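The values are calculated or read from the model by the stated rules, or taken from the named source; none is laboratory data. All figures in this text were calculated on a predicted structure; none of them were measured in a lab. Cβ sites come from the backbone with ideal geometry, for glycine too, and all protein chains shown count toward neighbours.
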Amino acid sequence: MTTPVVVLVGPPGSGKSTVGRALAERLGVGFRDTDADIEEGAGKPIPEIFIDEGEPHFRALEVAAVRAAAETHGGVLALGGGAVLAEATRALLRDLPVVFLEVPLADAVKRVGLDAPRPLLAVNPRARWRELMEARRPLYLEVATAVVDTAGHTPEQVADAVLEAL
Ligand code: S3P
């Protein structure tokens, strides 16, 4: 079994994918993103999975994607913002180096909306983001072996901080 050198968790807009790619390059390892794995497996984008099959189905696909990646991927792994909601996923992360990328709403909002659409933030994105963060923060902290504050930092600076934290 090969396990990730680091798993990145955090809310939408915390820069998991951008920082993850920068980190993978520095470390000379591969980068994997469970959102991309789910889309590839389902053959459609995440918003369509939410519309066609619903969120519970998406969450089940997400647990399976995290398990597959956590057991086989030896590089940097980024998880979707809601992956920590599943107890099964939190259990899978228990013995892995997991970094929680903290981000204030203002920074997250600058990034969210520029990327792929997020079904859970489609309406009232600021208020929804705050609600999601409030509910999930304890779960990010539960799985994290380190917390890195991304506020006002470039992805390269955050990658440096993650490397220091490992
Ligand atoms: C979600 C976040 C998204 C994606 C899906 C659900 C969430 O990933 O997994 O839209 O529940 O917060 P990002 O955190 O990469 O945006």
Review point. For the range 43-121, which helices (runs of 4 or more DSSP H) that fit wholly inside it have 2 or more residues that are within 12 Å of the ligand (Cβ to nearest atom) and surrounded by 20 or more Cβ atoms within 10 Å (Cβ to Cβ)?
Key: 46-53, 55-72
Review point. Restricting the range 1-28 to residues that are assigned to a helix (DSSP H, G or I) and in contact with a Gly (Cβ under 8 Å, 6 or more places away or on another chain), which is nearest to the ligand (Cβ to nearest atom)?
Key: 16
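Report yes if some residue within the range 154-166 is more than 11 Å from the ligand (Cβ to nearest atom), aliphatic (A, V, I, L, M), within 13 Å of the chain's Cα centre (by Cα) and at pLDDT 95 or above; otherwise report no.
no
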